[in-house]
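What follows is a single structure, written as structure tokens, with notes after it.
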Amino acid sequence: MVNARTVLAAACMPLLFTPAAMAQSSERPAGFQLSVGTTTQTDSNFFRLPDGVNPSVAGFDTDNRRDVLIAPFAEITGTAAGSTHLLSIRARAARDYFDRNDRYDASRYDGDALWRGSFTRQWRGELSHALEQRVTSFADFRNPERNVLDASTTRAALSFLPRPDTRLSTSATDYRGRNSIEARRSSDYQVGLYRVELVRTTASANEVALGASRTQGRYPNREIFGNAPVDNSYEQDVFDLSLQWRPGDATSATFRVGYAEREFANVPERGFDGPTWLVSVARQLGAKTLLRVSSQRDLNAVDDYDRIYSVSKVHRASLVHSRSLKLSFGLDLSRQQVDFRGDPQNFATRFFGQRPPRDDRIDEARMSVAWTPRERIQAQLSATRSERKSSEPSLQYRATTVLLRLQYRAF
């Protein structure tokens, strides 16, 4: 039965459709903008449990596998642009209200700031910083306590153009994550990514790039089993060659091939290497339909739970049909294959060598519709079906989510 808080939040939805939303403007203006709205989501498998498993048997204090989330939010954005510089900021705050599992109610926020500019005709720079606070999923870590991840990303980049068709770029990115509950503190991370890239633009406006990057992962809270601390820190080197190709106005493609090697100083038996690639093609099918397909193999570097051990292959296809300027439909299909080359449980690897790696396959299908009935009003409706098959049966699940998002731009 829906409780009083859910009824109150749902009753606020019509307030988004106010007379002020009738104001029209030709394009997004510079300056500040304030938006408010709400997200309503139903989830058939909130705890991401295998079929037939009761949450109370898995350690949760409920028998309900389903739940409804209502999350009102407010967002402010600001943009200032000059002839050689751009500055933008964004801040968003939301509150999650769950119908049946209100112990997981939480406030969260995210935001970012970006500066981009040109110092001279040959030198360009960029600085950015992003913050995010979110409640982590139960898909990989089924602890009945609510865990909140505070994550941040800071990036600095500098480009030098010795000639119009040549660019030398360097960048440094810092990722940090901190979990709120003690059971997940060993997954707190500090990751630095450093990259250099030489890009050449051809006469036909295609780009060829040669790049190299180094990733340094640090985990400040080492896992300890008895008297055996396990330091999961690692270093990873990647070298790659890429091509951005536009054979015509209706088609664009990106190709990248490379080789990556990861080393763990404290647990060298987890080190591995292999090829990486990306193939991405976008094709305009007539004036109103866009098709995108992609395939990628990568060594995951940043995540809040154990993805430092994994190699993933991701295949995606999406189709967007714009019926009009106000109405569009979307279809997204994806398959992710994740091979955990190390032992996420840690102690078995240290004493007995590497066990057979965990292997997951995650399939997802999503249908969506976006509607802009007035200049300041946006509505999005989507239905997603996801399924994970795993070599560890306890980690398998199937879930269906339906999401409705309504947003009103006040100014």
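With all protein chains present, calculate the accessible area of residue 126 using a 1.4 Å probe and round the result to the nearest 10 Å².
The accessible area of residue 126 comes to roughly 40 Å².
Stretched out fully, how many nm does the piece from residue 146 to residue 190 gain, at 0.36 nm a residue minus the Cα gap? Mind dumping the intermediate values first?
Values: separation 44, 0.36 × 44 = 15.84 nm, distance 2.21 nm.
So the chain would gain 13.6 nm between residue 146 and residue 190.
Using a 7 Å offset from the Cα along the Cα-to-Cβ direction at both residue 58 and residue 361, what is the distance between the two label points in nm, to one decimal?
Computed distance between label sites residue 58 and residue 361 equals 2.1 nm.
Convert each backbone phi in segment 280-289 into a coupling constant with the Karplus relation 6.51 cos²θ - 1.76 cosθ + 1.60 (shift: θ = phi - 60°), then list the ³J(HN,Hα) values in order as whole Hz, x for Gly and Pro.
In residue order, the calculated couplings are 9, 10, 10, 9, 7, 9, x, 7, 10, 10 Hz.
Would you tell me the accessible area of residue 374, worked out with a 1.4 angstrom probe on the heavy atoms of the protein chains, in Å² to the nearest 10?
90 Å²
Rounded to the nearest 10 Å², what accessible area does residue 269 show when all protein chains are kept and the probe is 1.4 Å?
70 Å²
For a Förster distance of 30 Å, can you work out the FRET efficiency between the beta-carbons of residue 201 and residue 325, rounded to the nearest 0.05? Present the calculation step by step, with values, prior to reporting the outcome.
Numbers: r = 33 Å, r/R0 = 1.09.
Taking R0 as 30 Å, the efficiency between residue 201 and residue 325 is 0.35.
For residue 180 and residue 285 in one chain, what is 0.36 nm times their gap in residues minus the Cα-Cα distance, to one decimal in nm?
Numbers: separation 105, 0.36 × 105 = 37.80 nm, distance 4.70 nm.
This chain segment gains 33.1 nm when fully extended.
So, in nm, how far is label residue 131 from label residue 158 when the simple model puts each one 7 Å beyond its Cα toward the Cβ?
2.8 nm
For segment 107-231, report the translational diffusion coefficient in µm²/s to the nearest whole number, using Stokes-Einstein at 20 °C, 1.002 mPa s, and a Kirkwood Rh over Cα pairs.
On the way: Rh = 17.6 Å.
After rounding, the answer is 122 µm²/s.
Within segment 268-290, find all residues whose amide N lies under 20 Å from a label point positioned 7 Å from the Cα of residue 249 along Cα-to-beta-carbon.
Counting backbone N atoms under 20 Å from the label point, the list is 282-290.
The values are calculated or read from the model by the stated rules, or taken from the named source; none is laboratory data. Since the structure is predicted, the reported quantities are computational estimates derived from the model, not experimental observations. Cβ atoms come from the backbone with ideal geometry, glycine included; neighbour counts cover every protein chain shown. Remember, those area values only see protein heavy atoms, side chains included, never the ligands or the DNA or RNA. Shrake-Rupley method; radii C 1.70, N 1.55, O 1.52, S 1.80 Å.
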